[in-house]
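The next block holds one structure in the form of C-alpha cells; read it before the comments.
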Amino acid sequence: MNIASIIAKFCTSSRWASIGLPLAIWLTVVGAGWWSLVAYGLKYDAKPVAVSPSQWPTDSSITRIDDRPLLIVFLHPKCPCSRATVAELHRLTERLIAASDRTPPICVVACTPQASSDESWKNTPLIDQALKLTKARLYSDPGGREASRFGAEVSGTVMLFDCVGRRLYAGGITPARGHVGQNAGGEALTRLLTGESAPIDGVPALGCRLIHDDGPLCENACGGASSHEGEGR
Amino acid sequence: MTSEFDDQQVSQRAAQILHQHEQQIYARTDRMFAVLLVGQWAAAVLGAIWFTPRTWSGSQWSVHPHVWLAVFLGGALCALPIWFVWRRPGAVVTRQSVAIAQVLFSTLLIQITGGRLETHFHVFGSLAFLAAYRDWRVLISATAVVAADHFIRGVYWPQSVFGIYASSPWRWVEHSTWVLFEDLFLIIVIRQTTHEMQSMSMQAAQLQDATERAEAANRIKGEFVANMSHEIRTPLNAILGYTEILARDEKADARQRREYVDTIRTGGRHLLELINNILDLSKIEFGRLQVERSRFSPHQLIADVASVLRVQAQERGISLEYRWEGPIPETIDSDSHRLRQLLINLVGNAIKFTHQGSVIIVARIARDVAGDQLTLEVQDTGIGIPADRLDDIFKSFVQADSSMTRCYGGTGLGLTISKNLAIALGGDLSVESQLGRGSVFTASVATGDLEGVPLHQTLPTSPVSDVVDLRIKAANLAGVRVLLADDGETNRKLMNLFLTREGAEVSTAADGDMACRMALGENFDVVLMDMQMPVMDGYAATRKLREHGFERPIIALTAHAMRGDREKCQDAGCSGFITKPVNVDELVLQVRAAAGVERIDDAPTSSVGSAKSRCPSDSIVHSSLPTSDAQIREIVQEFVDSVPARIEAIDRALRESNYDEISRLAHGLKGAGGTAGYDGLMSLGAQIEQCVVGREVDALKDVIDELKSLNSTLAV
C-alpha cells in the first residue's frame, strides 16, 4: 500500500471527516490569520523616503538652531502605534546621554486637525510621553502643513538634520507597527548621532497616516494657519 | 509462589492503570487549556481594545486591525481545540491542537502588546504549562510552530523578529535552540514523572493483585472451614453417637461393645490424622517443618506403605503394586517418617480418585553429580486432572474442583503438604495428568551419598531393617524405672497406672525441684517431665539435671502442640516430647524407646482433644477413658470430685484479681481434665489461660460460668 493510497483511504474515512478535515481547515485559517498578523505589522503605505527634502525646507516655520543637529519626530496625537516610536526615542536618548550626552534637540511635531477646538487632540498621552524626551519641545502643526513640507506622511516618522540643515535620516525607528525592539532604523539613527556613518538613511515608518487621502488633517478647508504654527513649549 | 504468568498479568494491569491515569491527566489538562485559551482570547481582545482601539488616517478613524485580529484570530485559535476538548477529551489530536494554538497565542499577544519583552515569556510559560500533559510530543509540536514562525519571519520579515533587514538565514535556529533548551529540561521532568507514574501503577496493580489474592484466599479458606467442619463433624458424630450408645445401652454384649469401641477408635484416628495435617500445614506455613535424617531401607518403606494401603485399594476393587526400575539401594539417608507421610499421601490420593484399574508405585534411583535422588512415581488410572487445574492442586485448601471435596472428601491439604515435604527432603513433586486417563505424581527426594551403599538388582525377600510399625498392641516395660514429674495429681495417677500395668516401676514427683532431687538421688531409666509445674518448672528442672550430669532420657510432657515447643524442650535438654492429653500407646512407646528397649525414630505426636469442644449443658459428659477399669474409674472419680474445689479456687482468685493463680489453676485443670478424658474441661482450661493472658475479665467470667455448667454434667 503506497502513501497515496493510504492518504486516499484516510480521506474517505470517518476519521478524516471528524478529525482530519476540521484540523486541515483550522490549520489553514490560523495560518492565514498568523500571516495577516505578521504582514499587517510590517505593512506601510507611506511614500518612499526619497520624497523627503534632503535639505531643511526653507519655508519651514520650525526654528532650527545653527551649528546643532536637530531631530524631528512627526506624530499623530492619537496614533497608538507611535507609542513604540516614542519608546524607542526614549531608549535612544538614554543611550546617548549615557555615552556622551550628545543628545540633539528634539522637535515633536504634533499634527492636529486644522482649527480643531477639540481638546482631545491636545495633550494626548502620546504627546505627553514624547515631551518627556530630553531636550524635547512641542511644535503644533494644525493641518499638517509642516509634515507636508518635510514629506512626512505617517505618524512615527523621525528625521535628523545636521548642523547645516542636511537631512541625514528620515523614516521609522520601530521593527514593526507599534512594535518596540531592536531595529535597523533605530540603529542607523544612533550611529549618526554618535558621529558614525550609517548604512541606511531611513526605513519606512509604520503608523497612522498624518494626512488623510482627502487632504491634510482637515476638518474644514485647509489653509494657512500661521497663528497656530510655531507654537512650542 | 508467583509465576511468570502472574507477573505478566500484574504488568498488564499496571499498564492498564497507567493508561487510565494518563487519560485522566490528558483530559484534565485539556480542560485547563480550554479555560486558558478562552481567557487568552478575552485578554487579547481586551488588550487590543486597550492599547490599539483605533487606527487613524488624518482625522478619520476606524477600528484598529489589532482588535479584529484579536477577535477573529483569537477566536479561530480557540475554536477547534475547545471543540476537540469537548468531543475528544484526552485524544492525541486534542492536545496537539491545544499546543499549536497555545504558542500561536504567544504571537498574537506579543503583537497586541507592542512586542513587549515580558510578553515573550508567554512562549516559555506555555511550554512549561504544556508539560502538564506529561507528553513530550506536545512540546515538539509547540516548538516546531515557534521554529516555523521564526523561520518564515526570517525569510520574509527578518526585521520583525531580529530587528534587522538582512539577518543570517540560521538566526531562527539560534532562537529555536533556546526554546529547545527549555524543552530539554521539561522532557527530563516529564520522563521522571512518567517513571514515577509507572512505578505507582505497578504498585497499584500489585496491591490490587494482592487484595484479590487475599480475597480469593479468604474465600477458599471459608470453603475449607466449611469442608473441615464437615470432616470433623462426621467422625465426631460417630464418636459421640457410639459413646452415647455405650453409655446407655447396658444390654449390649461384649461383641457389640467391641464394635462400638472400634468405630469410636476409627473416628478418633481420623480426627487425629486431620489435626496432624493441619499442624503440618501450620509448620510448613511458618517454615518450621523439620527433617530428621537417618539411614533406612527405601524398599521396606515402600513395601510397608503398599501393605498398609493395599486393603483400602482392594476395598475399591483396584490393585496396588510397586516395582523398582534399576538397582535398589539397601539404605538411603533421608527422613523415613516424612517420606512415609509423603508416599502415603500420594498413594492414598491415587486410590481415592481411581475407580477401576490400578495404582502402581515405580521407584528408581537417579545418579547425578549434583546428588543422588530417589524418584517415586505414583501412577494411577483414575479420573485425572484438568490441565488448567494442574498448577492449583498444590495450593493450600484447593482441590481440582470444589465439587471433588463433596464427592471424595479430604481437606485439600494433602498435596500441599506432600509438595513441601518433597522440597524439604531435597527434591520436588510434580504431576502429569490426562483427564479421564489417569495421573502420574512424581516425587523425588535426596538420598544422600550412595557411595559404598550396597545396590541390589533384585527385590529383597525380607525387610532389611529399621522401619518399624509404630502401632504396637502391647509393650513390655518390665524392669524400666520411670520418674514421673507432674503437678497434676490426676495426671500422675493415670500415667502411673498405665506405665505400671506395662511393667514399669514408677516414682512420682509433684514439682521440678522434687524431681531433680529424686533423679539425682536414684537410678531412673527415664524421666517424664511436665514442663509447667510450680516451684520449678520442667525447663529449669531439665537444665539443672543436665548440668548435674544426668544423662538418662528426659521426655517432655506439654500441652502445647504448636510450633517451637519441641525445639524449646530440646534446647532445655529433653530427649523426647509427648503432647497432652497423653496417648497411652505413645507414652508406652516413647518410654520403651527411651529406656533402650527399642529405638523409635520419631514417634508421632498427638494432640487429640486440642480442638475446641463444647458439651451441651443438658447432657451427661462421661470420661473418654475406660472407666470400667476399677482403678481408672477410681482416679477419674477422684478428679471429678476435685473439680468443684478447683472451680471455687479459680472463682476466689478472680475475686482477688490474682491472675497468676488463675492461670496456674487453669493449667492444672486443663492437663488433668484432658488426661482424665474430659476434653471439654481441657478446652475450657485453655480458654481461661488465654483470657488471663489478655486480661479479658468479662470473657473469663463467661468461661468460668461455662465451666460451672459443664461441671454439673460431669460423670464418670
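The values are calculated or read from the model by the stated rules, or taken from the named source; none is laboratory data. Every value quoted in this text rests on a predicted model; they were computed, and no experiment measured them. Virtual Cβ from ideal backbone geometry, glycine too; neighbours counted across all protein chains shown.
Kindly check whether there is at least one residue in region B:239-254 that is of a type outside the set (Ser, Thr, Tyr), over 22 Å from B:Leu625 (Cβ atoms) and assigned to a helix (DSSP H, G or I).
no
Given the structure, is B:Arg481 closer than 19 Å to B:Ala593 by Cβ, basic (Lys, Arg) and surrounded by fewer than 23 Cβ atoms within 10 Å (Cβ to Cβ)?
Yes: the conditions hold for B:Arg481.
Might you check whether a residue that is more than 13 Å from chain B (Cβ to nearest Cβ) and at pLDDT 85 or above occurs anywhere in region A:169-188?
Yes, region A:169-188 has at least one match.
Given the residues A:Trp56, A:Trp34, which is the only one that is within 12 Å of another protein chain (Cβ to nearest Cβ) and out of contact with any Asp or Glu (no Cβ under 7 Å at 6 or more places or on another chain)?
A:Trp34
Among the candidates A:Ala198, A:Ala225, A:Ala221, single out the residue that is surrounded by 14 or more Cβ atoms within 10 Å (Cβ to Cβ) and modelled with pLDDT under 85.
Matching residue, one of A:Ala198, A:Ala225, A:Ala221: A:Ala225.
Please go through region B:476-498 and give me each residue that is under 41 Å from the mean Cα position of the chain (by Cα) and not aromatic (Phe, Trp, Tyr), ordered by number.
Result: B:Leu484, B:Ala485, B:Asp486, B:Asp487, B:Gly488, B:Glu489, B:Thr490, B:Asn491, B:Arg492, B:Leu494, B:Met495.
Output the qualifying pairs, or none if there are none: Cβ atoms under 7 angstrom, residues six or more apart or on different chains, first residue in region B:151-174 and under 16 Å from B:Gln111 (Cα atoms), second residue modelled with pLDDT under 80.
As it stands, the answer is B:Arg153/B:Ser160; B:Arg153/B:Val161; B:Pro158/B:Ile164; B:Pro158/B:Tyr165; B:Pro158/B:Ala166; B:Pro158/B:Ser167; B:Gln159/B:Tyr165; B:Phe162/B:Arg171, since those pairs meet every condition given.
Would you confirm whether or not region A:63-74 contains a residue that is in contact with a Pro (Cβ under 6 Å, 6 or more places away or on another chain) and either surrounded by fewer than 17 Cβ atoms within 10 Å (Cβ to Cβ) or closer than 30 Å to B:His66 by Cβ (or both)?
Scanning region A:63-74, I find at least one residue that is in contact with a Pro (Cβ under 6 Å, 6 or more places away or on another chain) and either surrounded by fewer than 17 Cβ atoms within 10 Å (Cβ to Cβ) or closer than 30 Å to B:His66 by Cβ (or both), so the answer is yes.
If you scan region B:430-450, which residues turn out to be in a strand (DSSP E or B) and surrounded by fewer than 23 Cβ atoms within 10 Å (Cβ to Cβ)?
Correct list: B:Ser430, B:Val431, B:Glu432, B:Ser433, B:Gln434, B:Gly438, B:Val440, B:Thr442, B:Ser444, B:Ala446.
Among the residues of region B:348-389, how many are touching a residue at least 60 places away in the same chain (Cβ under 8 Å), in contact with a Leu (Cβ under 7 Å, 6 or more places away or on another chain) and β-branched (Val, Ile, Thr)?
2
Let me spell it out: the conditions are (1) surrounded by 15 or more Cβ atoms within 10 Å (Cβ to Cβ); (2) at pLDDT below 80; (3) polar (S, T, N, Q), and B:Asn711 meets all of them except one. Which number is the exception?
Unmet condition: (2).
Could you grab me the full set of residues in region B:231-274 that are in contact (Cβ under 8 Å) with a residue 60 or more places away in the chain and surrounded by fewer than 14 Cβ atoms within 10 Å (Cβ to Cβ)?
Listed by number, the list holds a single entry, B:Ala247.
The conditions are (1) within 16 Å of A:Cys79 (Cβ to Cβ); (2) more than 10 Å from every other protein chain (Cβ to nearest Cβ), and B:Leu127 fails exactly one of them. Which is it?
(1)
State all residues of region B:27-83 that are crowded, with 23+ Cβ neighbours inside 10 Å, among the hydroxyl-bearing types (Ser, Thr, Tyr) and more than 9 Å from every other protein chain (Cβ to nearest Cβ); if no residue qualifies, say none.
If the condition is that a residue be crowded, with 23+ Cβ neighbours inside 10 Å, among the hydroxyl-bearing types (Ser, Thr, Tyr) and more than 9 Å from every other protein chain (Cβ to nearest Cβ), then B:Thr29 is the only one that fits.
Across region B:84-94, what is the number of residues that are facing chain A (nearest Cβ under 10 Å), surrounded by fewer than 18 Cβ atoms within 10 Å (Cβ to Cβ) and not aliphatic (A, V, I, L, M)?
Total meeting the criteria: 2.
Of these, A:Arg137, A:Arg149, which one is touching a strand residue (DSSP E or B) at 6+ places or on another chain (Cβ under 7 Å) and either more than 14 Å from chain B (Cβ to nearest Cβ) or under 27 Å from A:Ala184 (Cα atoms) (or both)?
So the residue among A:Arg137, A:Arg149 that is touching a strand residue (DSSP E or B) at 6+ places or on another chain (Cβ under 7 Å) and either more than 14 Å from chain B (Cβ to nearest Cβ) or under 27 Å from A:Ala184 (Cα atoms) (or both) is A:Arg137.
Exactly one condition in (1) small (Gly, Ala, Ser); (2) outside any helix (DSSP H, G or I); (3) within 11 Å of another protein chain (Cβ to nearest Cβ); (4) over 30 Å from A:Cys111 (Cβ atoms) is false for B:Ser97; which is it?
Answer for B:Ser97: the failing condition is (2).
Go over the candidates A:Ile7, A:Ile19, A:Ile3 one by one and state the one that is more than 43 Å from the chain's Cα centre (by Cα), within 8 Å of chain B (Cβ to nearest Cβ) and hydrophobic (A, V, I, L, M, F, W, C).
Only one candidate passes the filter, namely A:Ile19.
Which residues, taken from region B:674-686, are assigned to a helix (DSSP H, G or I) and in contact (Cβ under 8 Å) with a residue 40 or more places away in the chain?
Residues satisfying the conditions are B:Gly674, B:Thr675, B:Asp679, B:Gly680, B:Met682, B:Ser683, B:Ala686.
Given the structure, is B:Ser141 of a type in the set (S, T, N, Q), part of a helix (DSSP H, G or I) and over 20 Å from B:Leu36 (Cβ atoms)?
no
Got a sec? Which of B:Thr193, B:Thr119 is of a type in the set (Val, Ile, Thr), within 14 Å of chain A (Cβ to nearest Cβ) and either surrounded by fewer than 20 Cβ atoms within 10 Å (Cβ to Cβ) or free of Cβ contacts under 8 Å to residues at least 12 places away in the same chain (or both)?
One residue alone meets the criteria, B:Thr119.
B:Lys352 versus (1) surrounded by 17 or more Cβ atoms within 10 Å (Cβ to Cβ); (2) among the basic types (Lys, Arg); (3) under 30 Å from B:Glu567 (Cα atoms): which is the lone unmet condition?
Of the numbered conditions (1) surrounded by 17 or more Cβ atoms within 10 Å (Cβ to Cβ); (2) among the basic types (Lys, Arg); (3) under 30 Å from B:Glu567 (Cα atoms), the odd one out for B:Lys352 is (3).
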